[in-house]
Structures are given as structure tokens and as C-alpha cells.
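To start, the structure itself, in C-alpha cells.
None of the figures in this text is laboratory data; all of them are computed from the coordinates on show. Being a predicted model, the structure only gives us computed values, none of them experimental. All Cβ positions, glycine included, derive from the backbone under ideal geometry; neighbour counts span all protein chains shown.
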Amino acid sequence: MAAASSSAVAHWLPTVPLTASGRPIFLPGEVERYLLPSVDLDTEENSSLPSLLSGLLVLTSHRLVWIYNTSSSAHAIPLAAVVHAYPPKKSIRHLFATPRVRLQISLGGRSELVTFVLRGKTDPDVFHGKLVEVMRERAWEREEEKEDRSDARREAEVRVRMPVVGVSGILRKEQEMWENTDKSLQDAFQDLNALMGKAKEMVQLAEKMRLKLLSSLTAQTNSNDEEMGSKQDMQDWLLSVGIASPVTKESAGALYHQQLSRQLADFVKPPLEKAGGMMSLVEVYCLFNRARGTELISPEDLLQACALWEKFDVQVMLREFDSGVKVIQNKAHSDDEVFSRITSLAQKPDALRKGVSPSDAAFTLGIAPALAKEHLLTAESKGLLCRDVSADGFRFYINLFKEIDPDNIYSCKTPGLFHAWISATTVSG
Amino acid sequence: MRRRPGISGLQSAAATRDQYRLVGENVAKIRTDLMKEQLETFRSQLEDFARKHKNDIRKNPTFRAQFHEMCAKVGVDPLASNKGVWAELLGIGDFYYELGVQIVDICMATRSTNGGLISLQELCTLLCQKRKAARDPVSEDDCLRAISKLKVLGSGFGVISIGKRKLIRSVPTELNRDHNEILEVAQGQGYATVEQVEKTLSWSSGRAADALETLLKEGLAMIDDGHRDGKRRYWFPCVAPISVAAGSDGLGIDS
């Protein structure tokens with residue numbers, strides 16, 4: 001049933017390709033502006049087109065993208081096709097109904113009236129305001145203009161900066177600094193105090209909210225939509241104020257983290273392949289933030305986003321080693337495969353003689369030395385390797401003790417590992 | 001609400017329970033609205049504050065430190081997430097997260113020389129060199145805050161206090177008390193010998209030798225056997241007065 005109805009819609013609304021993690025693939029220069037969960041797409045006037053129920057609506061600078069709840073496919077309405085956006089009606093009758101935003105769309109020669117039913121407890125006025133703002137900007141038309149303008153702006157900046165040369169320049173700078181600091185600091189501290197007073201009230205309210213959230217999460221597992229909606233709200237609110245919100249197995253955390261989590265899963269795939277299937281969390285943090293440029297994410301954002309991966313069906317996972325090192329690992333990249341490669345490396349004649357150091361393993365496996373060391377340690381705890389600690393540092397040898405029969409310690413099976421070791425180590429002399 | 005006997009009594013009891021539940025939910029709903037309202041007022045206050053003092057926060061490290069202290073007292077964490085009102089309106093998030101990235105870079109670059117322990121002073125010097133573009137000044141307090149944020153990523157980022165100095169650790173090696181005391185001894189001249197350690201700390205020779213060997217293995221110490229008296233010296237680059245900053249050009253740290 002769903003397949004049949006969606007094909008009718010597919011003829012009308014263009015589909016949007018999604019990445020493997022369920023994020024829409026954006027056009028060049030397209031920026032995400034607003035996210036709305038639980039939105040229905042209705043065409044009330046024209047009953048031949050079925051409605052799309054309960055999806056995620058993404059307002060970008062170029063389009064309105066509607067993603068199915070299962071994140072399997074998506075449709076988009078280019079903003080250029082929106083003729084008019086009706087503001088949400090304010091009347092007694094509409095006060096208790098689910099908020100609706102109507103758009104007049106002209107697409108592919110057809111003119112339709114599309115209604116977005118906002119079931120997700122979001123403010124329709126805010127959405128409408130943002131929609132109007134984005135439509136007014138007309139970002140999709142401004143692609144070439146933007147480039148020229150940014151060059152001009154850069155030149156202007158260079159010209160305006162005052163040359164600070166010579167002693168007078170330095171003195172002048174000092175003077176300015178002094179004046180500025182003195183004047184504004186007085187006000188600043190006063191304002192800061194006032195601000196903090198208000199913040200304290202918020203924190204008290206937040207504490208109550210947080211306790212409620214925690215108790216309701218642990219107490220009941222059944223959920224009606226009302227409850228879930230307000231819990232999501234609370235999470236988002238706590239996040240925006242700057243108070244740690246509890247992300248448990250039941251809750252999905254703030255919407256921001258959910259989207260970030262999907263974005264990360266996409267971003268991290270190519271570098272992960274290059275690094276051999278495993279990367280430390282610190283590296284990912286640096287890479288991601290450098291790529292972002294502005295609006296960087298905090299380490300906690302990253303951790304939350306990674307923790308959410310187990311709820312979605314993505315190809316990467318977060319893993320913590322005993323030493324506390326956290327890494328991101330490709331799900332396909334299994335430990336057994338690594339162990340087999342390590343053991344084959346440790347059985348080479350060179351390795352039988354001199355052992356394997358973390359840097360050797362790193363070179364062969366193609367991963368960072370710190371991670372190679374973790375792998376060697378894990379292999380040792382599984383009984384595949386033995387360590388040798390000397391002034392040269394750590395070296396690992398293949399575990400021969402398993403080969404030695406306790407009843408007959410001098411027996412040596414040929415061909416066998418013990419035999420190979422004996423022949424390798426006695427050759428050099 | 002009188003209690004009535006019989007089936008109708010049960011039904012009315014169920015009905016009243018439902019009504020109470022609805023009222024309870026409404027109270028919760030009102031709370032949500034109250035939350036939103038509070039957030040709006042707070043947000044506008046913060047916007048005013050930001051308009052007047054955003055520059056102060058960026059340019060004045062003392063003010064910044066004061067700001068952080070007050071936030072901590074109140075119980076909010078302005079650096080918790082990029083999505084919070086603090087990051088959005090004050091722009092304070094980007095400053096610290098970028099600082100975090102730069103600190104990680106510097107630690108990685110110097111790891112081969114100092115084994116993962118770098119003094120806070122040296123880190124700040126290298127940071128200032130890296131941020132040469134005369135942007136906003138960075139204080140030691142800022143570094144410490146950025147590092148405390150990095151801690152959640154695992155991989156052993158942390159701060160150790162040795163005497164008056166602070167050392168930044170970027171490897172998961174655990175340093176026990178013995179090691180810390182040796183580092184204190186080494187602070188004076190940048191190196192320590194087994195005898196020095198034994199005399200200053202009154203340890204047995206085995207204990208001193210063990211601890212020094214462990215530090216050597218972890219890569220935090222370097223051996224020097226070239227002195228005329230033949231005694232082996234253990235040098236610690238992280239507490240040595242000769243800083244790595246002097247030779248930073250050769251380390252390939254890009255600005």
C-alpha cells in the first residue's frame with residue numbers, strides 16, 4: 001500500500017538521494033536552516049495525491065526536504081516553486097488543532113496547495129518566519145554573485161586595517177587598549193552579575209525538569225506520543241541552556257545530536273578507510289572541526305553523537321579500550337581479522353627471532369602506532385602473543401607455550417610452530 | 001467525590017483518576033510553556049549582554065575567566081555544546097574548540113621529543129607562535145579549560161601538577177606518585193640520576209632504578225651516558241629549562 005501511494009507522489013515531487021546514514025545529499029552551497037520532526041505532508045484539495053505521514057522536515061536555503069521516518073527515502077520541494085506561504089491561522093477554532101502551514105506550490109506545470117501538519121510540538125510561527133526569511137534570501141539564485149562579493153569584501157578588509165608601525169603606533173595601541181578595558185569592564189561586571197542571577201533561576205527550573213525526565217525514563221517504558229514530545233522538548237531546552245541532559249537507552253537526546261550523529265557517520269567514512277578501519281576519537285574531533293571551519297562542535301557533542309550511533313543503522317561504531325582510549329571503528333572491520341594478520345606477522349622468521357614491536361605492527365596493518373599497541377595488547381590478553389619487556393621497549397612474540405606439551409617438554413612436532421621457531425632462532429647464531 | 005459502592009463506584013473512581021491524570025499532564029504542559037518563556041527572556045537578556053560585551057569576552061582573558069567561574073557557580077556549562085545559547089550568541093564555543101584542536105596538534109608534534117608530557121608554559125608559547133595572526137590572546141586558564149573539555153574524548157588528556165608547574169599529559173600512561181616525585185626532583189636541572197633520587201627522596205636503590213626505567217620505557221625520559229663521571233643521567237624534556245620552542249621550526253608545526 002505504501003509503495004503504491006508513494007509512486008503516485010514520486011511522479012509529482014522530486015526525490016532526494018540520501019546518504020548511507022539517512023542524511024539528504026545537499027546541493028553545492030545549500031545550507032540547512034531548520035529542522036522539524038513529525039511533520040505530515042497533505043494535499044487536501046486534491047485527493048488523488050496521497051499524503052506523506054510523519055517524517056522529518058528539513059528547511060534548507062534551497063529546498064524543503066521531507067524525509068521518511070525510516071530514513072529510507074526523501075522528497076523535496078524547491079523553494080523556487082513556492083509561490084506563497086500562508087501564515088498559520090490564528091483563531092479560536094485553530095487554537096486546539098494541530099498547527100498547519102499551507103504553501104501554494106507550482107511545480108512541473110501543476111499548481112497545488114500543500115499543507116504541512118506540524119505534529120511535533122513546534123512553533124508554527126517560528127517555522128513560517130524562517131521559511132519567509134529563507135525564501136526572501138533566494139539563495140539558489142545567488143551562486144555566482146556570492147563568489148565575487150566575497151573577494152571584494154576581502155580586499156576591503158585589507159585596506160581598512162590601520163598600519164601599526166613605529167613607536168607612536170605601539171603607544172596608540174596601548175592607549176586604546178587601556179581606555180577600552182577600563183570603561184567597559186565596569187559595566188561588563190555589572191551586566192554579568194545580572195545575567196548570572198537570571199541564569200540561576202533557569203538552572204533551578206532545569207534541575208526540576210531533569211529529575212522529572214530521569215524518573216519518567218526509568219519508571220515507564222510505555223510511551224504515548226504526548227509524553228515523548230515533551231521529553232524531546234526538555235532535552236533540547238536543557239541542551240540550549242548548557243546543562244548536561246541525560247541520554248539514556250530510551251531517550252534519543254536532542255534533535256541536534258541526532259542529526260550531528262548522522263552527519264558524522266557520513267563524514268568519517270573516507271578517512272576511516274584511509275586509516276585502516278580504526279581512528280582515535282581525538283583525531284576525528286580535529287578532522288571534523290577543521291573541515292567545519294566555523295560553528296565547531298564541542299568534544300561532548302562528538303561523544304553524544306557517537307553514542308547515538310547504536311540507535312541508528314550506521315556502518316561505524318564507538319569502542320573503548322581498557323586503557324581508556326576511545327576509537328571509532330568500521331563495523332565491517334572485525335577483530336578476528338586483525339588477530340589473524342597479527343599472528344601471521346608474528347610467525348615470520350624475522351619476527352620469530354626479534355619479535356614484533358608496535359611500530360612494526362603499525363606499518364604492516366596500516367594503522368597508527370598507538371592503536372597498533374592496543375591491538376597487540378588485546379591479542380596478548382587472548383593468549384595469541386607474549387610480551388617481552390626490555391630496555392629496547394615492548395616487543396611481542398608468538399605464544400609458544402601453547403605448543404609445548406607439559407608431559408613431554410622436549411618433543412617437537414614437525415612441521416609445527418615450535419619447530420619453525422627453533423629453526424629460525426638457531427640459524428643466525 | 002463520594003465513594004460509591006458497586007460497579008458505578010469503580011467506574012467513577014476510574015473517571016476521577018483519569019481527570020487527575022489530565023490535570024497533572026496539563027500542569028506539566030504549563031511547565032513546558034513556562035520553560036520556553038523563561039528561555040526567551042533569558043535569551044533576550046543574553047543577547048543584550050552579548051551585544052555590549054562580546055568583544056570583552058574575546059579580548060580580555062581575565063574577564064573570560066571570571067565569566068567561566070560564575071557560570072560554574074550557577075551550574076551551567078557554556079562550552080557543553082555548540083548548539084547552546086552561549087555558543088550561539090557569545091561565540092565562545094568556537095574559540096575553545098579551535099583551541100582544543102590546536103593543542104592536540106602541538107601535543108602530537110612534540111610527542112616524539114617529550115613522550116607525551118609537555119609543560120603548560122611551553123604549550124602556551126608554542127600556541128602563541130602558532131596563532132601568530134595576532135588574534136585574540138590566549139591565557140593559561142583558557143588552555144586548561146580547553147584541555148578539560150578534551151578529556152571526554154579519552155586518549156589520556158589531562159593536567160598534572162608537579163610542584164609549582166603544571167604538565168599536560170596527552171598519552172594514556174598512568175603516572176603514579178613515584179614518577180611524579182622524580183619529575184619534581186628533575187625540575188631543578190632537567191635531569192635526574194639514580195643517586196640523586198635516592199638521596200633526595202630517601203628511597204632504596206631498587207625503587208629508584210625501577211621508576212626511572214619505567215619512565216624511560218614510556219618514552220618520557222632520555223638517557224645520557226656521556227658524562228665524565230660515567231653516571232647515567234635521565235633527562236626529562238618536559239621539565240627541562242631548555243624548551244622545545246626554540247627549535248620549533250624544525251618540528252614542522254604549521255601555523
Footprinting exposure proxy for A:312, A:321, A:401 (fewest neighbouring C-beta atoms within 10 Å first): A:401, A:312, A:321
Here, residue B:89 and residue A:407, labelled 7 Å along Cα→Cβ, have an inter-label distance in nm of 8.1 nm
Inter-label distance, nm, simple model (7 Å from Cα along the C-beta direction), residue A:332/residue A:27: 3.2 nm
Please average, across the residues of B:152-160, the number of beta carbons from any other chain that are within 10 Å of each residue's own beta carbon, and give a whole number. 6
With Rh as the Kirkwood radius over Cα pairs, the stretch B:82-213 has Rg/Rh of 1.07
Please tell me which of these pairs span more than 23 angstrom C-alpha to C-alpha: A:90/A:208; A:89/B:83; A:90/B:36; A:269/A:326; A:326/B:130? A:90/A:208; A:89/B:83; A:326/B:130
Give the average, rounded to an integer, of partner chain Cβ atoms located within 10 angstrom of each Cβ in A:193-200. 6
If each K or R counts +1 and each D or E counts -1, the residues other than residue A:269 whose Cβ falls under 15 Å of its Cβ total 0
With no solvent and one point on each alpha carbon, what is the Debye value of log10 I(q)/I(0) for the stretch A:296-429 at q = 0.14, 0.15 Å⁻¹? -0.74, -0.81
In what sequence, highest mean first, do B:80-88, A:83-91, B:98-106, A:23-31 appear when ranked by Cβ atoms within 10 angstrom? B:80-88, B:98-106, A:23-31, A:83-91
For the charge dipole of chain B, defined by +1 on Lys and Arg C-beta atoms and -1 on Asp and Glu C-beta atoms about the Cα centroid, which residue among B:124, B:154, B:108 has the Cα displaced farthest towards the positive pole? B:154
Going from the alpha-carbon gyration tensor of the stretch B:53-124, what semi-axes, largest first and in whole Å, does one get by taking the root of 5 times each eigenvalue? 28, 13, 12
Whole-Å distance, taken between Cα centres, linking the stretch B:86-102 and the stretch A:271-329: 19 Å
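Highest mean first, what order results for B:220-231, A:339-350 on Cβ atoms within 10 Å? Walk me through the numbers on the way to the answer.
Numbers: B:220-231: 12.6, A:339-350: 15.9.
Answer by packing, highest mean first, reads A:339-350, B:220-231.
Which whole-number percentage describes the relative contact order of the stretch A:286-429, with Cα contacts under 8 Å and a sequence gap of 6 or more? It would help to have the intermediate numbers written out before the result.
Numbers: 131 pairs, mean separation 22.7, N = 144.
It comes to 16 percent, rounded to a whole number.
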Measuring from label point to label point, each 7 Å out along Cα→Cβ, what is the residue A:322 to residue B:205 span in nm? 3.4 nm
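Just counting partner chain Cβ atoms within 10 Å, what average do the residues of peptide B:68-75 show around their Cβ? Intermediate results must be reported in sequence, preceding the final value.
Numbers: counts 0, 1, 7, 6, 0, 3, 11, 11.
Mean partner-chain Cβ count within 10 Å for B:68-75: 5.
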Based on the alpha carbon coordinates of chain B, what radius of gyration and maximum Cα-Cα distance (Dmax) apply, in Å? 28.3, 105
